[in-house]
Amino acid sequence: MKKIKQILPVLAIFTLVSCGEDFFDLRPNYEVPVDNTFKTADDFDVAVKGCYAKLQGQVNYYLELCEYRSDNLYLSAPTAGTQDRYDIDQFRETPSNGIIEDAWANFNNGVYRCNMVLDRIDGADIDETLKAQYKGEALFIRAYTYFNMYRLWSGVPVTKKVVTVAEALRIGRSSDQQMYDLIAGDLRAIVDGEMLPYSYNAEDTGRATMGAAKALLGKVYLTFGHASEAAEILDDLIGQYSLLDNVADVFDVDNKMNSEIIFAVRFNKEVVGEGHGAWFSITNLTDNSGQTPVLQSLYEDNDARKPLIEYVQVPGVNLCLMRKFMDTPDATTKQYGNDQILLRYADVLLMYAEALNEIGYDASQDSPAMSVLNQVHTRAGLDPLNITDIPDQDSFRRAVCLERQKEFPYEGQRWFDLVRMGYAAEAIASEGHAIQNWQLLYPIPTTELERINDPSLLWQNPGY
């Protein structure tokens, strides 16, 4: 069998967690066991890979909770099995929505895996450089997980160590400041302690790097309103990666982890359980793809990104996929193998432009903010934007927001961008929904409220 150039060996992971997924869920009907198996470097390598493996199961949440929530994707009517998705799309979700419940449980499960590593790594008798790397990887994944939870629900109960069920039931929601301190603190520790390398050998390609930690930290800073800090950390990445000349090549399954990719969730369709189903698929080219009229009318005809959201027939399969996510199923496993790109250089450039503009609008055509914005814009084959058409700070912010929508459709960015930049209600109004500020967050799942059963610790978000 071909060697897997990724970091998610499922067999090893399930050897470690042979009790199954429930082993990691903090349910009140059992106690978390004390695990004494973390001793060697190989033990920690397997444990860290278990943290990465959890990210594979989170792909759908970017689809359901970000794209359907935004003005990129819609569901015209519910069908069997899609009621929860329809309710999210229509801003009618309730605290008992199954997609939301599953996301909460999945994210907390991922945190638990990271905490298992972090609880034991400092005392391990292994090479110090390797120890720092494993610790940095666990901190990165935990920070990413809590960042997603914060963007979906605001402050949530957090743990920085493995806790018993009894302890978990006494942990209350965190404030915005506490969430910021934890998420930015984990990433800052990685950067300041130089815990992660800037690159890996081919066998370990896909593990979190120092560049990934800096890019995520920049996004965290922006989300929490710290534009100066965001600009400073993102500036470190300018020139460290590069935009591919052809934007379609970024998503080519034969060109994975190219020079534009900073962090991606890895998949390998040749190995059972390491691939995935076809993303955003339709059966016939005449089927309703769910793409909103807003998105379909967004691009100029000569924009190289426009063909990426067009559907084409998969050779030999009764299925159609967007060019952006085109792949053919493996003949043996029947799985697809696209990586899920979470951070790429175009994102860094546009975040940098956003951060600089938030610090202060610059009306010059050759300003750093305008320069990086135009790097992404002109890569799509378009003429440069002119600063005379972007005459003030809000106009520039809108230009960045628009460029991000054109650049990242179906990459799980749009809803978070709209909320962060303050344009969510305006954008969603184009779909006929008049949303209120409280709908920028999702409801806390009923299952969690009932489990804690103490509104002074875990209370419902307003409006639900």
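A few notes on this one:
- Segment 236-296 and segment 138-158 have Cα centres separated by 24 Å.
- Relative to the compact-globule estimate of 2.2 N^0.38 Å, the Cα radius of gyration of segment 217-285 comes out at 1.53.
- Accessible area in square angstrom per residue, the chain, 1.4 angstrom probe: 41
- Ratio Rg/Rh [Cα only; Rh per Kirkwood] for segment 116-258: 1.01
- Take each peptide in 420-427, 362-369, 343-350, 441-448, count the other Cβ atoms within 10 Å of every residue, and average; sorted highest first, the result is 343-350, 441-448, 420-427, 362-369.
- Surface share of carbon and sulfur [accessible, 1.4 angstrom probe, percent] for the chain: 50
- 13 Å beta-carbon shell around Asp454, net charge (K/R +1, D/E -1): +1
- Semi-axis lengths (Å, descending) of the ellipsoid that matches the C-alpha gyration tensor of segment 276-389: 36, 17, 11
- Sorted peptide list for 228-235, 143-150, criterion being average Cβ within 10 angstrom, highest first: 143-150, 228-235
- Using the Cβ-Cβ distance between Ala80 and Trp459 with R0 set to 35 Å, the FRET efficiency from 1/(1 + (r/R0)^6) comes to roughly 0.55.
- With the simple spin-label model, which puts each label point 7 Å out from Cα in the Cβ direction, the Val253 to Ile171 separation comes to 3.8 nm.
- Peptide ranges 202-214, 290-302 listed from the most packed, as the mean C-beta count within 10 angstrom indicates: 202-214, 290-302
- If you model the chain as an ellipsoid using its alpha carbon gyration tensor, with each semi-axis the square root of five times an eigenvalue, the axes come out at 33, 26, 25 Å, biggest first.
- Among the chymotrypsin sites (Phe, Trp or Tyr not before Pro) within segment 194-254, those in coil by DSSP and having at most 11 neighbouring Cβ atoms inside 10 Å are Tyr198.
- With all protein chains in place and ligands, DNA and RNA left out, the 1.4 Å accessible area ranks Val376, Val162 as Val162, Val376, largest first.
- Under the convention that each Lys and Arg Cβ holds +1 and each Asp and Glu Cβ holds -1, the size of the dipole of the chain around its Cα centre is about 740 debye.
- Rounded to the nearest 20, the size of the Cβ-charge dipole of segment 357-464 about its Cα centre is 180 debye, with Lys and Arg at +1 and Asp and Glu at -1.
The values are calculated or read from the model by the stated rules, or taken from the named source; none is laboratory data. Only a predicted model underlies this, so the values are computations on that prediction, with no experimental measurement involved. So basically every Cβ, Gly included, is an ideal-geometry build from the backbone, and we count neighbours across all protein chains shown. Remember, those area values only see protein heavy atoms, side chains included, never the ligands or the DNA or RNA. Shrake-Rupley method; radii C 1.70, N 1.55, O 1.52, S 1.80 Å.
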